[in-house]
Amino acid sequence: MSRELTFKNMPPGVCVPWEAKEKELGEIKGDAGLIREQWEKLDLFGYLYLWNWVQR
Amino acid sequence: MGRDELAEAIAGLDQGRVLALVEERLQGGSKPMEIIGSLQAGMARVGDLFEKGEFFLSELILCGEIMKESMAVLEPRLAEGEREYRGTVVIGTVKGDIHDLGKNIVVMLLKGAGYDVVDLGVDVAPEKFVETARETKSPLVAMSMLLTSAMGTMKECVRAVKESGLGAKVLIGGPIIDDKVMEFSGADYGSAIASDATKIAAQVFGAA
Amino acid sequence: MADMEKLAEERKKRYLAAMNLEKPDRVPIRLNFSGEFITKVSGYSFQETYYDWEKNVDATRKMLDRLDLEMVVGAANLWWATLHDAVGAKYLRFAGRDLDEETMFQYVEEPYMLPEDYDDFIANPTEWIATTYLPRIHTDLAEPGSYRASAALIKGAFGLAQQFAAGGEATASYLRDYGVIPSIVGISKAPFDTLADTLRGLSGIMLDLYQRPEKVKEALEVLVPHNIFYGMATAQGDTDFPLFMPLHRGAYPFMKMEQWEQFYWPTLKQVIEGLWSYGKRTMFYAENIWTPYLEKIAELPEKSIIFHVDQTDMDKAFEVLGGRFCLSGNVPNSLLAFGTAEEVKDYVKRLLDKYARDGGFILDAGAVILDDAKEENIRALIEAGIEYGVY
Ligand code: B12
């Protein structure tokens, strides 16, 4: 009855965890920290967008 | 008069026991209308307990659910026209306001007390109250309201019913009803307590 | 506009002092206006401010031109109707669309989350919202992956981003041009209210307390970190101003004490303490009656909340919570609508004489101020606050 979850144990503020994306990206040639930081910032907006429909 | 186990089970919010007793009584040949009488007695008790502050909304809502389930069993067994009502009450939340949890509780108690309730839902316009009162020939129109900003339309609703010449009494209810609001509204009755609806109905229908 | 900045500084100092239980120069006045009141005062129609975000921002400016306020919540309405049209929101009705032009918006409460959703919700609420909840409540998203759904997702996200940006700019402009400070920054809820308001609905949640209490508890636990996070994220890190927490279904007589103690209180307490651990204070907006719970509320860390009084017994609140938390309230909304300016002034005088003497008090109405409040009575409230609120 339960649908397959894409991600489990996701903390607040996260839509698609960086760890998952990192795996898909494979070897990162430049500054991984920068990519991660910016990924997480935009990902947070996705999270807020979703929760905005519930926390009202 | 002996104890009415079914009424007690309702007041005790014992869902399983209520449904079992309803079945048992049906098997034993009791008339559905008689069983409904017991359910109503239990419901009235729950209303009293709520008014006294011993019961809470959560309990009232559970009680409503038990009633609904029991009625789902009983209603199909009632023969055409067998259902007896003490009369018809029209109710709705006034235009501009959509709070209906309190109104739903009043509906439940009125039904529990044996009235046929025509529930117009929320955001009900003055004309709708009048039209329905005319169609149902109901002597009592009840209105609910939570928003202070709905006071103006509430007054219009009251006036529309009063001026319709139907002679129906108007009861207004909600947490903000006080003497000031009563005076402003021009309604016949007013209360912030759900169970007052059944008492006022008893007066109105007793006199009718 | 250096004077405006200075004015804003003074107001902020006054507000912070009261929240920290000190005596400022006088009692701060915080009025929680609804979008509808602001719209009425501004001269726009309800439809205009619901639909046109620029007018929504301008409405507050028009109010500030007329009323001498020291703080505001922000732009008039919280919600932009067009954003809801873009996604096909089933649960809101707006003036000029499916309601008369001058009618307040309406929310259609249904159990949008079903009993069988609990497990998925508990396992990953964020994913559940995206895959189950949104397609259910937004008609344009009903067929995920379809052209309509893709367009609605893009427009919804873009619309919200626009609204966030415009909202932030509006608050900054009110401060710049009028010296008014924000009365609240950030918003969150009691986990029980999150579950009851938009997800299960009142009947749903109340029956759940009896029929699946363990699931309810699990869901509430899952919500705690999300509600803390959501509060800090919407506050964008601010810790000066209080976070708004409208408390809906924990009032008396929703639940009996045992239920309140089991279901409502523990996770609400965790959220407030969590926010406080970041230095963020909560405006405990206790709608209706909270008298039976005052002793419990007193367990919260000192100064971590502002306890707002609506219909709660003010004497008791003062006795149990005074000196521990700043109190606010409680000019009756019916008085603001039906009373005379004189009556309002008398009420404010008595209120301040009795409860504001030792500081730690903010003057406000009891409930959200709707468009029924008379503008002259709001003026009277402000004048009385300035006159009788001086320390
Ligand atoms: C739940 C709720 C909602 C829900 C409503 C869901 C629904 N289907 O009803 C939602 C989220 C949709 C909602 C919306 C809004 N709400 Co609201 N809401 C509440 C809340 C939290 C509880 C009300 C409630 O259901 N109580 C439980 C019921 C059972 O109690 P009750 O209605 O009082 O009924 C009892 C008695 O009054 C009486 N009774 C009621 N009707 C009748 C009728 C008769 C005939 C009789 C005899 C007795 C009777 O019997 C009942 C049982 O005891 C209150 C605050 C609070 N804690 O009270 C605010 C509150 C009523 N809402 C308020 C506001 C402002 C709004 C909004 C405008 C939102 C906003 N802008 O902030 C919108 C209104 C939209 C509209 N057009 O109507 C304000 C009203 C302020 C004011 N000045 O009037 C309140 C007081 C909150 C506050 N403190 O600011 N709300």
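Conditions (1) facing another protein chain (nearest Cβ under 8 Å); (2) touching a residue at least 12 places away in the same chain (Cβ under 8 Å), marked per residue:
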site: C:Y112; (1), (2): no, yes
site: C:Y118; (1), (2): no, yes
site: C:I129; (1), (2): yes, no
site: C:K155; (1), (2): no, yes
site: C:A165; (1), (2): no, no
site: C:T171; (1), (2): no, yes
site: C:L175; (1), (2): no, yes
Check: Quick one: what pairs do we get from the stretch B:143-162, first residue on the phi < 0 side of the Ramachandran plot and without any contact (Cβ under 8 Å) to a residue 40 or more places away in the chain, second in a strand (DSSP E or B) and of a type outside the set (D, E, K, R), C-beta under 8 Å, 6+ apart or different chains?
Finding: B:V158/B:M143; B:V158/B:V170; B:V158/B:I172; B:V161/B:V141; B:V161/B:V170; B:K162/B:V170
Margin query: Among the residues of the stretch C:309-325, what is the count of those that are over 18 Å from C:N288 (Cα atoms) and either of a type in the set (K, R) or in contact (Cβ under 8 Å) with a residue 12 or more places away in the chain (or both)?
Written below: 4
Item checked: Flag if C:Y355 is hydroxyl-bearing (S, T, Y) and without any contact (Cβ under 8 Å) to a residue 60 or more places away in the chain -> yes
Notebook entry, point to check: Among (1) assigned to a helix (DSSP H, G or I); (2) out of contact with any Cys (no Cβ under 6 Å at 6 or more places or on another chain), which single condition is B:V46 missing?
Noted result: (2)
Check: Right, B:K128: touching an Asp or Glu at 6+ places or on another chain (Cβ under 9 Å) and of a type in the set (D, E, K, R) or not?
Finding: no
Item checked: Unmet criterion (only one of (1) modelled with pLDDT of 95 or more; (2) away from chain A (no Cβ under 11 Å); (3) assigned to a helix (DSSP H, G or I); (4) open to solvent by less than 40 Å² (accessible area, probe 1.4 Å)) for C:L202 -> (1)
Notebook entry, point to check: Do you know which of the residues in the stretch C:266-283 that are open to solvent by 10 Å² or more (accessible area, probe 1.4 Å) and in a helix (DSSP H, G or I) is farthest from the ligand (Cβ to nearest atom)?
Noted result: C:S277
Margin query: I need the full set of residues from the stretch B:1-43 which are under 24 Å from the mean Cα position of the chain (by Cα) and in a loop (DSSP other than H, G, I, E, B), in order please.
Written below: B:D4, B:G12, B:L13, B:D14, B:K31
Notebook entry, point to check: Would a scan of the stretch B:124-133 turn up a residue that is part of a loop (DSSP other than H, G, I, E, B) and within 7 Å of the ligand (Cβ to nearest atom)?
Noted result: no
Note to self: Can you go through B:I172, B:I193 and tell me which one is closer than 16 Å to B:I91 by Cα, at pLDDT below 95 and of a type in the set (A, V, I, L, M)?
What the structure shows: B:I193
Checklist line | Total residues in the stretch B:69-113, condition within 18 Å of B:E51 (Cβ to Cβ) and open to solvent by less than 30 Å² (accessible area, probe 1.4 Å) | finding: 8
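Which ones in the stretch B:61-100 are aliphatic (A, V, I, L, M), within 11 Å of chain C (Cβ to nearest Cβ) and farther than 17 Å from B:G114 by Cα?
B:I61, B:L62, B:I98
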Margin query: For a quick check of your reading of the model, give me the residue pairs whose first member lies in the stretch B:49-60 and is more than 8 Å from chain C (Cβ to nearest Cβ), whose second is within 10 Å of the ligand (Cβ to nearest atom), with beta-carbon atoms closer than 7 Å and at least 6 apart or on different chains.
Written below: B:E51/B:I193; B:E51/B:S195; B:L60/B:F50; B:L60/B:I105
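Considering only the stretch B:39-56, how many residues are open to solvent by 10 Å² or more (accessible area, probe 1.4 Å) and either of a type in the set (A, V, I, L, M) or touching a Ser or Thr at 6+ places or on another chain (Cβ under 9 Å) (or both)?
6
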Note to self: Out of the residues in the stretch B:134-173 meeting the condition of being open to solvent by 10 Å² or more (accessible area, probe 1.4 Å), within 15 Å of the ligand (Cβ to nearest atom) and outside any helix (DSSP H, G or I), tell me which one is nearest to the other protein chains (Cβ to nearest Cβ).
What the structure shows: B:L147
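Would you say B:G2 is open to solvent by 40 Å² or more (accessible area, probe 1.4 Å) and modelled with pLDDT of 90 or more?
Criteria not met by B:G2.
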Next item on the list: Take the stretch B:76-131 and flag every residue that is touching a residue at least 40 places away in the same chain (Cβ under 8 Å) and of a type in the set (V, I, T).
Entry: B:T88, B:V89, B:V90, B:I91, B:T93, B:V94, B:I105, B:V106
Check: So is C:Y264 of a type in the set (F, W, Y) and in contact with a strand residue (DSSP E or B) (Cβ under 7 Å, 6 or more places away or on another chain) or not?
Finding: no
Next item on the list: Quickly run through the stretch B:57-68 and pick out the residues that are crowded, with 21+ Cβ neighbours inside 10 Å and either within 13 Å of B:L19 (Cβ to Cβ) or not aliphatic (A, V, I, L, M) (or both).
Entry: B:S58, B:E59, B:C63, B:G64, B:I66, B:M67
Next item on the list: Give the stretch C:203-232 a look and list any residue that's under 19 Å from the mean Cα position of the chain (by Cα) and touching a residue at least 12 places away in the same chain (Cβ under 8 Å), or say none.
Entry: C:L223, C:V224, C:H226, C:N227, C:I228, C:Y230, C:G231, C:M232
Margin query: C:F33 - would you say it is open to solvent by 10 Å² or more (accessible area, probe 1.4 Å), within 14 Å of another protein chain (Cβ to nearest Cβ) and either in contact (Cβ under 8 Å) with a residue 24 or more places away in the chain or within 16 Å of the ligand (Cβ to nearest atom) (or both)?
Written below: yes
Next item on the list: For the stretch B:66-111, name all the residues that are more than 10 Å from the chain's Cα centre (by Cα), in a helix (DSSP H, G or I) and either within 15 Å of the ligand (Cβ to nearest atom) or among the basic types (K, R) (or both).
Entry: B:K68, B:R77, B:L101, B:G102
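Which ones in the stretch C:143-153 are more than 11 Å from chain A (Cβ to nearest Cβ) and crowded, with 16+ Cβ neighbours inside 10 Å? Quick ask: steps written out before the conclusion?
Taking the stretch C:143-153 and keeping what is more than 11 Å from chain A (Cβ to nearest Cβ), we get C:143-152.
Those that are more than 11 Å from chain A (Cβ to nearest Cβ) and crowded, with 16+ Cβ neighbours inside 10 Å: C:A149, C:A152.
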Item checked: Which numbered condition C:D98 misses (of (1) within 26 Å of A:G13 (Cα to Cα); (2) among the acidic types (D, E); (3) more than 9 Å from every other protein chain (Cβ to nearest Cβ)) -> (1)
Checklist line | Yes/no for A:K29 being in a loop (DSSP other than H, G, I, E, B), within 14 Å of chain C (Cβ to nearest Cβ), open to solvent by 50 Å² or more (accessible area, probe 1.4 Å) and basic (K, R) | finding: no
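Just to be sure I understand, how many residues within the stretch C:75-95 are more than 16 Å from the ligand (Cβ to nearest atom) and within 14 Å of chain B (Cβ to nearest Cβ)? Show your work before the answer.
Within the stretch C:75-95, the first condition is being more than 16 Å from the ligand (Cβ to nearest atom), and the residues that meet it are C:82-83, C:85-88.
So of that shortlist, the ones also within 14 Å of chain B (Cβ to nearest Cβ) come out as none.
Looking only at that region, the number is 0.
The values are calculated or read from the model by the stated rules, or taken from the named source; none is laboratory data. No experiment lies behind these values; they were computed from the predicted model shown. Neighbour counts run over all protein chains shown; Cβ positions are idealised from the backbone, glycine included. Remember, those area values only see protein heavy atoms, side chains included, never the ligands or the DNA or RNA. Shrake-Rupley method; radii C 1.70, N 1.55, O 1.52, S 1.80 Å.
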